[in-house]
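In what follows, a single structure is set out as structure tokens and then discussed.
The values are calculated or read from the model by the stated rules, or taken from the named source; none is laboratory data. Because the structure is a prediction, the values reported are computed rather than measured. Quick reminder, even Gly has a Cβ in these numbers, built from the backbone with ideal geometry, and neighbours come from all protein chains shown. Ligands, DNA and RNA are stripped out before the accessible areas are found, and what is left, the full protein with its side chains, is counted by its heavy atoms. Shrake-Rupley method; radii C 1.70, N 1.55, O 1.52, S 1.80 Å.
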Amino acid sequence: MTDLVAVWEVALSDGVHKIEFEHGTTSGKRVVYVDGKEEIRREWMFKLVGKETFTVGATKTKAAINIDAVGGFAYEYTLEINGKSLKKYMENRLKTTNTWILNLGGTDYRIVLEKDTMDVWCNGQKMETAGEFVEDGTETHFTVADRSCCIKAVSSGKRKEGIIHTLIVDNREIPEAVE
């Protein structure tokens, strides 16, 4: 019998991670799985509310599951990433990263640009990049599946929009993915 009470999917730079939480309210058991791998197991916890902290992904992103009583024998489970609610974390992430899904030779590649550090990730691996200044902004060059890729960063000319990042592979613009 499983006591699975919550499942979340979290998009990080190194991939989309699945977090599962089991909470046995009669046995006091708490189990956290990240991508199917058991990260935490506690048996016979007499305090049924509290917090379980762990890390997710290659960058060891801090995560916590909060267990709160919501009356009687009902519980609410909330996931925090880097100290923020999952919703707030994802809203902030939309502002600080760009993500593209690229299909080359029948294989999907998930490319993520971290705008604050200009790090580029592809399918969970941080890429070797070469940056250069060009007439209208910057270009960050890297290679995926023996294809040269370039992320162009140009000013939108509008203060609210800021810098526009565009992925170009084989001289064609790749549309940004929505996660």
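Just a few scattered comments:
- Dipole moment magnitude, nearest 20 debye, the chain about Cα centre, only Lys, Arg, Asp, Glu C-beta charged: 640 debye
- D136/S85 FRET efficiency (R0 35 Å; Cβ-Cβ; nearest 0.05): 0.40
- Local electrostatic count at K18 - Lys and Arg +1, Asp and Glu -1, tallied over other residues with Cβ under 11 Å: -2
- Annotation: amide H-H contacts under 5 Å for D119 (H modelled 1.01 Å from N, sequence separation of 5 or more, or interchain): E114.
- Carbon and sulfur %, accessible surface of region 18-135 computed with the full protein complex present, 1.4 Å: 51 percent
- Each peptide among 163-174, 7-18 gets the average number of other Cβ atoms lying within 10 Å of its residues, and from highest to lowest they stand as 7-18, 163-174.
- Each Lys and Arg adds +1 at its Cβ and each Asp and Glu adds -1 at its Cβ; summed about the Cα centre, region 44-133 shows a dipole of about 260 debye.
- Relative intensity, log₁₀ I(q)/I(0), of the chain from a Debye sum that treats every alpha carbon as a point, q = 0.12, 0.15, 0.19, 0.20 Å⁻¹: -0.67, -0.88, -1.20, -1.29
- Think of region 94-179 as having a plus end and a minus end, set by charges on the Cβ of Lys, Arg, Asp and Glu; of L94, M127, H165, L94 sits farthest toward the positive end of this dipole.
- Sequence-distant lysines (8 or more away, or on other chains) whose Cα lies within less than 28 Å of K60: K18, K29, K37, K47, K51, K84, K87, K88, K95, K115, K126
- Leading residue at positive end of dipole, the chain (Cβ point charges), from Y33, Y109, T78: T78
- FRET efficiency for the pair A64 and M118, taken as 1/(1 + (r/R0)^6) with r the Cβ-Cβ distance and R0 = 25 Å, rounds to 0.30.
- Degrees between helix 86-96 axis and first principal axis of the chain (Cα, 0 to 90, nearest 10): 10 degrees
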